[in-house]
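A quick write-up on the structure given underneath.
The values are calculated or read from the model by the stated rules, or taken from the named source; none is laboratory data. Because the structure is a prediction, the values reported are computed rather than measured. Methodologically, a virtual Cβ is constructed for each residue, glycine included, from the backbone with ideal geometry; neighbour enumeration extends over all protein chains shown.
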Amino acid sequence: MTGVDLDLKTWDVLRDGRFDCAFNALHGRLGEDGTVQGMLELLALPYTGSGVLPSALCMDKSRANAVMAGAGLHVPEYDELELKSGVSADTVQRLVARFGLPLVVKPVREGSTIGLTIASDADQVASGLVLAARYDRRVLVQRFAAGTEITVGVLATPDLQVLPTLEIVSDNPVYDYDAKYTAGKSHHIIPARISEAAREAASDAAGRAFTVLGCSGMGRVDIIVDAAGTPWMLEVNTVPGLTELSLLPDAARAAGIKFDELCQRLVDHAIGRHEHRVGPPPSPPGGEGEQRGGPGSGSARTGASRGESPPQREGRESP
């Protein structure tokens, strides 16, 4: 097993490494948005998780919301702004009038609650827009959904398996980056403390969201369940965290799936999917058509050896 981070040598390392599979544990921009997936497709290297299109779609919260809403899932009302300069008072007033307070402001293409603001007054709306725009000129503004915060893990290796509901209890007012990555600042309750009917509705919604967005391998669907038991979809994470503090391994454990088994299933699925890949075969290393540092190069084969637990790449991670 070899740990590989993204830098100017990544292409060469993957191309020449003769790996069997790349276990993708990179999060946020590049690692989770279809970029790395596209590189691995060009290298003809099997990789875990979703493909290029669903990865890019799920990272784009605005477009993912549109797809989920179009499929009949409950998505809190939202709007997308493109912020190229400052934030006007008229814009803030319009948003408050439409969505009420509190409201949610976040970058369209980020993860781990980076750039997130739960704004309770107009000043916080304005500052939240400025903060989100530091990470993405496209900013999502959304009606706040009140209720129980849960997450539902989904596996598809290849058969769909919806894992038990998991309730998130945070010591911080918001389940933010600090709460996610600091031991003892958040707690996982399995199953979530909601009615059985609400659990079934949330599980069904998670499976439908995962499927309609085209995901595969693994994913984690974040949901708010309101007082009436309605599951409101927040987002779908295609590369959930795999640390000891992370949510998906806990949910898998509750379903009787040990961590090593989880990783092995993901690797086996990636290799099996690759065997049915449609496209021209890669050139062998050193063979005709090989171009160092560009497409058309030889087949690299695995970043995570079979039977070994992959390393978790720290950084912008979704626990």
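Data for the structure
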quantity: Within the stretch 71-127, considering residues that are of a type in the set (S, T, N, Q) and part of a loop (DSSP other than H, G, I, E, B), the one modelled with the highest pLDDT; calculated: Ser120
quantity: Subset of the stretch 128-151 [in a strand (DSSP E or B) and surrounded by 20 or more Cβ atoms within 10 Å (Cβ to Cβ)]; calculated: Val139, Leu140, Val141, Gln142, Thr148, Ile150, Thr151
quantity: Single residue of Ser203, Ser120, Ser127, Ser170 found to be of a type in the set (Ser, Thr, Tyr) and touching a helix residue (DSSP H, G or I) at 6+ places or on another chain (Cβ under 9 Å); calculated: Ser170
quantity: Among (1) in contact (Cβ under 8 Å) with a residue 60 or more places away in the chain; (2) more than 18 Å from the chain's Cα centre (by Cα); (3) not in a strand (DSSP E or B), the one test that Asp7 misses; calculated: (1)
quantity: Failed criterion for Leu26 (all others in (1) crowded, with 16+ Cβ neighbours inside 10 Å; (2) among the aliphatic types (A, V, I, L, M); (3) modelled with pLDDT of 95 or more hold); calculated: (3)
quantity: Positions within the stretch 87-113 being aliphatic (A, V, I, L, M) and under 17 Å from Ala64 (Cα atoms), in sequence order; calculated: Val104, Val105, Val108
quantity: Filter result (at pLDDT 95 or above, of a type in the set (A, V, I, L, M) and either in contact with a Pro (Cβ under 9 Å, 6 or more places away or on another chain) or farther than 18 Å from Thr157 by Cβ (or both)) within the stretch 229-246; calculated: Met233, Leu234, Val236
quantity: Residues satisfying the stated conditions in the stretch 40-76, i.e. of a type in the set (Gly, Ala, Ser), over 24 Å from Val278 (Cβ atoms) and surrounded by 22 or more Cβ atoms within 10 Å (Cβ to Cβ); calculated: Ala64
quantity: Test set (1) small (Gly, Ala, Ser); (2) buried (at least 22 other Cβ atoms within 10 Å of the Cβ); (3) outside any loop (DSSP other than H, G, I, E, B) - Gly31 fails condition number; calculated: (3)
quantity: Ser112, sole failed condition from (1) polar (S, T, N, Q); (2) on the phi > 0 side of the Ramachandran plot; (3) surrounded by fewer than 17 Cβ atoms within 10 Å (Cβ to Cβ); calculated: (3)
quantity: Residue in the stretch 194-217 that is in contact (Cβ under 8 Å) with a residue 60 or more places away in the chain and either touching an Asp or Glu at 6+ places or on another chain (Cβ under 6 Å) or closer than 17 Å to Pro249 by Cβ (or both) present; calculated: yes
quantity: Search result, residues across the stretch 104-117 that are in contact with a helix residue (DSSP H, G or I) (Cβ under 7 Å, 6 or more places away or on another chain) and hydrophobic (A, V, I, L, M, F, W, C); calculated: Val105, Val108, Ile114
quantity: Selected residue (criterion: surrounded by the most Cβ atoms within 10 Å (Cβ to Cβ)) from residues of the stretch 249-261 that are within 16 Å of His187 (Cβ to Cβ) and in contact (Cβ under 8 Å) with a residue 24 or more places away in the chain; calculated: Ala251
quantity: Residue list for the stretch 182-193, filter: in contact (Cβ under 8 Å) with a residue 60 or more places away in the chain, of a type in the set (A, V, I, L, M, F, W, C) and in contact with a strand residue (DSSP E or B) (Cβ under 9 Å, 6 or more places away or on another chain); calculated: Ile190
